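Single-structure report; data block below.
The values are calculated or read from the model by the stated rules, or taken from the named source; none is laboratory data. Being a predicted model, the structure only gives us computed values, none of them experimental. Note: ideal-geometry Cβ built from the backbone for every residue, glycine included; neighbour counts use all protein chains shown. Each accessible area value is taken on the protein alone, full model and side chains, heavy atoms only, with ligands, DNA and RNA left out. Shrake-Rupley method; radii C 1.70, N 1.55, O 1.52, S 1.80 Å.
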Amino acid sequence: MGRAGPEEGQLPAPVKPPDGGWGWIVLLGCFVITGFSYAFPKAVSVYFKELMKDFHVGYSDTAWISSIMLAMLYGTGPVCSIMVNQFGCRPVMLIGGLLASSGMILASFTTNIIELYLTAGVLTGLGMALNFQPSLIMLGTYFDKRRPLANGLAAAGSPVFLSSLSPLGQVLLEKFGWRGGFLIMGGLLLNCCTCGAVMRPLDTGMKRKMEKVQDKYEAKEMLPMGGKSEEGISTTDGTKKAKKAKKKPKKGKKLLDFSIFSNRGFIIYTISKFILVLGLFVPPILLVNYAKDTGVPDTEAAFLLSIIGFIDIFARPACGMVAGLKWVRPHVAYLFSFSMLFNGLTDICSARASNYTGLVIFCVFFGISYGMVGALQFEVLMAIVGSQKFSSAIGLVLLIEAFAVLIGPPSAGRLVDALKNYEVIFYLAGSEVVLSALFLAMATYCCLNRGKKKTPPPEKPPSVGGGSDTEEAESDVQEAEEHSSDNHQLAHSTDNAVVVASEEANHVEDEQSGEGGRCPEGDREVLARAGCNADQTVERDSF
């Protein structure tokens, strides 16, 4: 049998990420979701002064709103992973968009800070979490070779939305108050439902085509047998159904795969991210109130976040393009370490900025370094665990980071209330970020690279370097080949059974001819089943 198209019986090629096509629409949706998820907790800080006056609370109490949002974004990671593995990305994102919007709408009617925690913090944070994680999973499904660039472009949604939501929040606060601002923000979050609707699963149509083509392939392989052995065909069909029934449970995805903890690169990445998150979000959360306390007008103080966002817009795609270069992608973990080191040193060097010019310079360098961190963090994780285990890996990583989110900004707020000094906070946050950068670089070099040089593993384990991941496609093709080879073996064994039966029939004929050519009725039935014609036997008897 020569080469043929899929319609003629050839097995389809492995399903690979398209690196384009509808993936650009998915990238646009991921851009919007990332913008809301990361920029919204920071943009809400514009309302903190008014909330402090209305509810008669301190800054540390209002800082819990942003912290709870981020904690829900991170802490519900395993729940999101289980829901995505069970129901798919699109339904989970639609529910998340409704929850995020309803949380902000209900927050506009709250009468105390606790109700604000439950609505704007828990409900909105949960909704954004149900949108954020599935969007990253879909992005990794649609892109492979262009994945660093795609991650950089999607991560650019955070600065774009930060540069627009902060001035918008200030305008809404002046015209409608914080309650009207929360209500309008809740309406904006309904756009998350639109983004969820465009997250079309990649492999649905391909799997159906593969099943149809495989059935045709198996049917054509059975055609040369013709009508020689109906029992052999029925046995083959029964065996095929039994094999499919046995193989179906193997294809089922785990709701949460804990085997990734056996990956040393994943452990190193998780510890480094925990230390990083302790100090990464502190400066942008405290920046607006720090500027207001130094005498900067409210509008100009809110504009500082826009400066960070504007610089970040260009830093993230540019860093994604650099990370996608052939000579950089295998060492993307070290580039990530450099970006964290840059960010931490920016915090430390700018701790004594006491005027608006100094704060603007800090925002420029912080925007560059923050954009590099944002563009690389999930690209490094995808490179470590691969796209097949990414849904479970990101959920577990975000859960661990949630504890750091709950510790970092609230602790910084309490120190501000106690010391009335922002300089110590910037030193502390910068030191934590620098420590995470040094740990990732040293642990990657000592634990991973040296281990590879000393004892090369027999298999190809997921490493920190970049590369393509097509394990599931290869396993599907291998399984299909095994399935087809089994059918060949069954067909061959059935043909052998027919040959053996015919030989036995000839042997019986020889014995009967030796006994006088008599052929009993029972033997005639056996000979007929074996392919020997009863009429030929009668002719031999007469002869």
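If you roll a 1.4 Å probe over the heavy atoms of the protein chains, what accessible area per residue do you get for region 16-222, in Å²?
Values: 7600 Å² over 207 residues.
Using a 1.4 Å probe on heavy atoms only, each residue of region 16-222 averages 37 Å².
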With a Förster radius of 35 Å, plug the Cβ-Cβ distance of residue 24 and residue 294 into 1/(1 + (r/R0)^6) and report the FRET value to the nearest 0.05. 0.20
With r as the distance between the Cβ atoms of residue 118 and residue 194 and R0 = 35 Å, compute the FRET efficiency 1/(1 + (r/R0)^6) and round to 0.05. 0.85
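Could you work out how much longer the chain between residue 327 and residue 361 gets when fully extended? Use 0.36 nm per residue separation minus the Cα distance between them, nm to one decimal. Walk me through the numbers before you get to the answer.
On the way: separation 34, 0.36 × 34 = 12.24 nm, distance 3.20 nm.
Between residue 327 and residue 361, full extension yields an extra 9.0 nm.
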Measuring from centroid to centroid over Cα atoms, what is the spacing of region 268-332 and region 33-54 in Å? 16 Å
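Among 427-438, 65-76, how do they line up by average Cβ neighbours within 10 Å per residue, starting with the highest? Spell out each step's value before the answer.
Numbers: 427-438: 20.8, 65-76: 25.4.
Taking the mean over residues of other Cβ atoms within 10 Å, the ranking is 65-76, 427-438.
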Descending Cα extents along the principal axes, region 292-360, whole Å: 48, 22, 13
Could you check the simple spin-label distance between residue 400 and residue 267, using points 7 Å along Cα→Cβ, in nm with one decimal? 1.0 nm
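Work out, step by step, the length gained on full extension between residue 438 and residue 349: first 0.36 nm times the residue separation, then minus their alpha carbon distance; give nm to one decimal. Don't skip to the answer; put the middle values down first.
On the way: separation 89, 0.36 × 89 = 32.04 nm, distance 1.77 nm.
Between residue 438 and residue 349, full extension yields 30.3 nm more.
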So if we plug the beta-carbon distance of residue 176 and residue 56 into 1/(1 + (r/R0)^6) with R0 = 35 Å, what FRET efficiency do we get, rounded to 0.05? 0.95
If packing is taken as the average count of other Cβ atoms within 10 Å, what order do 404-411, 174-181, 125-132, 279-286 fall into, highest mean first? 125-132, 279-286, 404-411, 174-181
